[in-house]
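Everything on this sheet refers to the single structure shown next.
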Amino acid sequence: MQQSEFIGLEDQYGAHNYKPLDVVLTRGKGVWVWDVDGNKYLDCLAAYSAVNQGHCHPKIMQAMVTQAEKLTLTSRAFRNDQLGPFYQELCELTHSHKVLPMNSGAEAVETAIKTVRKWGYLVKGVPQDKAEIIVCANNFHGRTISIVSFSTDENARAGFGPFTPGFKCIPFGDAAAFETAITANTVAFLVEPIQGEAGVIIPPDDYLKQVREISDRHNVVLILDEIQTGLGRTGKLLTEEYAGIEADLTLIGKALSGGFYPVSAVLSNTEVMDVLQPGEHGSTFGGNPLACAVARAALKVLFEENLIENSYEQGEYFLNELKKISHPHIKEVRGRGLMLAIEFHPEVGGARGYCYKLKEQGILAKDTHENIIRFAPPLVIKREEVDLILEAINQVLSAS
Ligand SMILES: *Cc1c(COP(=O)(O)O)cnc(C)c1O
């Protein structure tokens, strides 16, 4: 079948809730993916950082196959022999007190919202149904009704009301605005340490430290959504490490399974999670043995292969080289670890054209918010492969 036929089928039978680049992929290995015509591309999106360990990592694949042959799903009505070890390994790695496993990232966010509301009523003494959660403008936390209720992206919200109340939105990166927004009913602050979907927006250096201090002072639960930034993407296991702080609740997902299977988790560093009692929250697939086995292998690969250090080193090199490019269309380059972006001036007419030109050079990258291209390749990337991306960027820019 031709690429155009696959594209035709998707467009004819599928809901049109995505506008993908027209490349039909069939195979992946490490940083590379192949389309159905056999063209090879370096993947600079890594499935929005779900494939930090590289496509089809053999060790994660082996763990998945081995576990799939033994036991896949028990539901939490019974215990399974993967869940305990998964909890222990994850808690030890992240210095957490408790874990609550879910599947998608959005479910982890929903879980955190429910947990802090309950904590607000039971522990902080907030009057029933008055709990407030502070969030940031241009956030991305997922697609459920409650989550889009506090999105500031009209595309994500328009037509989906009525919305869930109880959220207050402030500018990102502004610690003073956070303190001003806090009331007696504020139970939590939900924030991304670096805003990913917004276009790799990095807050001021002391932001998270200040936010931590303000949260402590006002008895507000600090929830860091590290679903995209976590697990090595920014050059640390968790991005909070750059600020030398620990969130009360940390949300992880995406690369927690190395891209094999949806696995997410809420990590709790405090007693907040203890407010949940049997029957109050759950998921049929959350914490299933297949997910746990895959996640255990995916975490192991991050450390065994030094992917976090590699992300730091290659990211630093990548950013320094990007900074050397001088082109009138570029407004800014920025990044931390292997989460980087080029922002173009609005007059250039959008970044998507550049994405298609990069594709011709064998580089798959995705535009976000019109004028920004994010570069977030799998963390297994080598120096020579970063050079390939840089060459392609230079090539495409010099021709424009
Ligand atoms: C992707 C993402 C989510 C949502 O994860 P899904 O698995 O798509 O539901 C939440 N928060 C952040 C920061 C993300 O990047």
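A few comments on the model shown:
- Given (1) assigned by TED's automatic domain parsing to the domain that holds residue 373; (2) open to solvent by less than 10 Å² (accessible area, probe 1.4 Å); (3) touching a Lys or Arg at 6+ places or on another chain (Cβ under 6 Å), index of the condition residue 343 fails: (2)
- Taking the criterion of being open to solvent by less than 40 Å² (accessible area, probe 1.4 Å) and farther than 15 Å from residue 112 by Cα, the residues of the range 130-147 that qualify are 136, 137, 139.
- Elements of type helices (runs of 4 or more DSSP H) in the range 149-224, at least 2 residues being open to solvent by 60 Å² or more (accessible area, probe 1.4 Å) and more than 16 Å from the ligand (Cβ to nearest atom): 175-181, 207-217
- Residue in the range 131-141 that is nearest to residue 107 (Cα to Cα), counting only those that are in a loop (DSSP other than H, G, I, E, B) and in contact (Cβ under 8 Å) with a residue 40 or more places away in the chain: 141
- Qualifying positions in the range 44-81 - open to solvent by less than 30 Å² (accessible area, probe 1.4 Å), touching a Ser or Thr at 6+ places or on another chain (Cβ under 9 Å) and of a type outside the set (S, T, N, Q): 50, 60
- Residues that are open to solvent by less than 60 Å² (accessible area, probe 1.4 Å) and without any contact (Cβ under 8 Å) to a residue 12 or more places away in the chain within the range 82-101 comprise just one, 84.
- The criterion of at least 1 residues that are over 22 Å from the mean Cα position of the chain (by Cα) and at negative phi is met, among strands (runs of 3 or more DSSP E) falling completely within the range 289-400, by 330-336, 339-344.
- Pick from the range 225-263, criterion polar (S, T, N, Q) and over 16 Å from residue 95 (Cα atoms), ranking: nearest to the ligand (Cβ to nearest atom): 228
- The set of residues in the range 91-112 that are in contact with a helix residue (DSSP H, G or I) (Cβ under 7 Å, 6 or more places away or on another chain), aliphatic (A, V, I, L, M) and more than 9 Å from the ligand (Cβ to nearest atom) comprises 93, 99, 100, 102.
- Selection of first residues in the range 350-363 that are not assigned by TED's automatic domain parsing to the domain that holds residue 22 and open to solvent by less than 10 Å² (accessible area, probe 1.4 Å) and of second residues that are part of a helix (DSSP H, G or I) and among the hydrophobic types (A, V, I, L, M, F, W, C), restricted to Cβ pairs under 8 Å at least 6 apart or on distinct chains, gives an empty result.
- Residue in the range 69-87 that is in the same structural domain as residue 182 (by TED's automatic domain parsing), within 23 Å of residue 241 (Cβ to Cβ) and modelled with pLDDT of 95 or more present: yes
- Scan the range 22-43 for residues that are farther than 25 Å from residue 200 by Cα and open to solvent by 60 Å² or more (accessible area, probe 1.4 Å) and the total you get is 7.
The values are calculated or read from the model by the stated rules, or taken from the named source; none is laboratory data. Keep in mind it's a predicted model, so treat the numbers as computed, not measured. Positions of Cβ are backbone-derived with ideal geometry, glycine not excepted, and every protein chain shown enters the neighbour counts. Ligands, DNA and RNA are excluded from the accessible area calculation, which covers all protein heavy atoms including side chains. Shrake-Rupley method; radii C 1.70, N 1.55, O 1.52, S 1.80 Å.
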